[in-house]
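Chemist: One structure, as structure tokens, below. Some questions next.
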Amino acid sequence: MTISPLSRKNVQALTPYQSARRLGGKGDVWLNANEYPTSPNFDLLHRTFNRYPEPQPEAVINGYANYAGVKPENVIVTRGGDESIELIIRAFCEPDDHVLYCPPTYGMYSVSAETCGIALKTVPLTTDFQLNLTEIERNLDGVKVVFVCSPNNPTGTLVNRVDLLKLLDITRNKAIVVVDEAYIEFCPQASLVNELANYPHLAIIRTLSKAFALAGLRCGFTLANAELIGILQKVIAPYPLPVPVSDIAAQALQPQGITQMQERVNDVLNNRAWLIEQLSKIPTVVQIFETKANYVLVKFQDGEKVFKSLWEQGIILRDQHKALGLQNCIRITVGAREELEQTIQAIKLAPILV
């Protein structure tokens, strides 16, 4: 018996998101998933494993609300930012609605929409990786959710704040605008969190995976007005966060945890500046794109050969060659200095090795 024909037609045609772990690789320098290079240490404080956890752990909600500068009723905690993406689509999209997103950008917006059977509209970013507002407005008919990532993954660029506000204006009473701020700790001044009171259709996605160095925890958040949060509460799983996850997340959001996160951010910014300086000296580098995140997008004369050469040496980067407008581009996570030194040396030798 063949099971595949029993699955939904859209799932049969679906290409799953190619996460860093799904793509694999063997090595000891992992700069392909925008993770922090070392893990923080936490001891579990709560060990009641025989009871179901709180649906929305109070300590986590209050901790993140305090950190983000919002009220607890403006926060919902999810299994990573990815669950936030799917919750919003499930909560707001009817079968005949559309999701709009702007490639090159994070691939889960399209995967989640397709998984839910929701049609996609794409309006590519401009050549300088900004919103094409004219085309977005022209394509808003039937669109219920718009996804924007800022800083954008994989380019690292910030979307102009004035354009984001214009987008919110033209979508008012029409669609939910989701601004993915997974990397906002590396440029906190760019957050739209202060605009939540002005735009009831704005939802902001956050995560502990990046600057908080807790990618393995799978803990994310949506920030929005209380009415929007209440709608998401209707469709979220009854117990989204396991007890150990909420325990560690609550600790990470204490003042000491926030301070440690900010120290990690400073470390990343210093290493990022060093990486960009070193890359600028390499003849095979065509362009280093401006970045406000914990990764650098680099265009090479032959990016595929450079990627393959380093892959074979156990230095795992993220190949972006097939992404829209990113031919010969590689995304490099800002790792530890010794990892970056090894990577730079390998890139310098890549033309000899390929």
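The values are calculated or read from the model by the stated rules, or taken from the named source; none is laboratory data. What you are looking at is a predicted structure, and each value in this text was computed from that prediction instead of being measured. All Cβ positions, even for glycine, are placed from backbone atoms using ideal geometry, and neighbour counts span all protein chains on display. When the accessible area is computed, the model is the full protein with side chains, heavy atoms only, and any ligands, DNA or RNA have been set aside. Shrake-Rupley method; radii C 1.70, N 1.55, O 1.52, S 1.80 Å.
Chemist: Leaving out ligands and nucleic acids, note down the accessible area per residue over segment 167-286 with a 1.4 angstrom probe, in whole Å².
Modeler: Here the residues of segment 167-286 average 39 Å² of exposed surface.
Chemist: How big is the dipole moment of the chain about its Cα centre under a simple scheme where the beta carbon of each Lys and Arg is +1, that of each Asp and Glu is -1, and everything else is neutral? Debye, nearest 20, please.
Modeler: Rounded to the nearest 20 debye, it is 500 debye.
Chemist: Taking a ≥ b ≥ c as the square roots of the Cα gyration tensor eigenvalues, with a/c under 1.5 meaning rounded and otherwise prolate when a/b beats b/c, else oblate, which class fits segment 175-248?
Modeler: Note, shape of segment 175-248 comes out oblate.
Chemist: Okay, next question. Using alpha carbon centroids, what distance separates segment 136-152 and segment 272-290, in Å?
Modeler: Between the Cα centre of segment 136-152 and that of segment 272-290, the gap is 32 Å.
Chemist: Here's another thing I want to ask about it. Leaving ligands, DNA and RNA out of it, work out the accessible area of Leu349 with a 1.4 Å probe and give it in Å² to the nearest 10.
Modeler: Leu349 has an accessible surface of roughly 70 Å² with all protein chains in place.
Chemist: Would segment 261-337 count as rounded, prolate or oblate if I go by the C-alpha gyration tensor, calling it rounded below 1.5 in a/c and otherwise prolate when a/b exceeds b/c, oblate otherwise?
Modeler: prolate
Chemist: A follow-up question, please. Would you mind getting the accessible area per residue of segment 21-127, heavy atoms of the protein chains only, 1.4 Å probe, in Å²?
Modeler: 52 Å²
Chemist: Could you check how much of the accessible area of the chain is carbon and sulfur, as a whole percent, using a 1.4 Å probe?
Modeler: Carbon and sulfur: 50 percent of the exposed surface of the chain.
Chemist: Can you give the accessible area of Tyr101, probe radius 1.4 Å, in Å² rounded to 10?
Modeler: Roll a 1.4 Å probe over it and Tyr101 shows about 30 Å².
Chemist: Holding the Cα-Cα limit at 21 Å, pick out from Lys121/Lys174; Lys121/Lys166; Lys71/Lys234; Lys210/Lys322; Lys281/Lys348; Lys9/Lys121 the pairs that are longer than that.
Modeler: Lys210/Lys322, as the Cα separations exceed 21 Å there.
Chemist: Once you keep just the Cα pairs under 8 angstrom separated by 6 or more residues, what percentage relative contact order results for the chain?
Modeler: It comes to 23 percent, rounded to a whole number.
Chemist: Further, regarding this structure: Anything in the chain that counts as a DSSP H helix reaching 18 Å or more along its axis (C-alpha) with Kyte-Doolittle mean of at least -1.0? List them, would you?
Modeler: 80-92, 255-279, 337-353
Chemist: Moving to a separate point now. Given the options Thr127, Val179, Tyr64, identify the residue whose Cα lies farthest towards the positive end of the charge dipole of segment 39-183 (+1 on Cβ of Lys, Arg; -1 on Cβ of Asp, Glu).
Modeler: Tyr64
Chemist: If you don't mind, another one. Heavy atoms only, 1.4 Å probe, whole protein assembly: order Arg331, Arg218 by accessible area, highest first.
Modeler: Result of the area sort, largest leading: Arg218, Arg331.
Chemist: Ok, one more. Sequence gap at least 6, Cα distance under 8 Å: using those rules, report the relative contact order of segment 68-152 to the nearest whole percent.
Modeler: Dividing the mean separation by the residue count of segment 68-152 yields 33 percent.
Chemist: Please list, ordered by chain and number, the residues whose modelled amide H lies under 5 Å from the amide H of Val286; skip anything fewer than 5 residues away on the same chain.
Modeler: Placed amide hydrogens put Lys299, Phe300, Gln301 under 5 Å from Val286.
Chemist: Could you pull the accessible area for Arg272 with a 1.4 Å probe, rounded to 10 Å²?
Modeler: Counting only protein heavy atoms, Arg272 exposes about 30 Å² to solvent.
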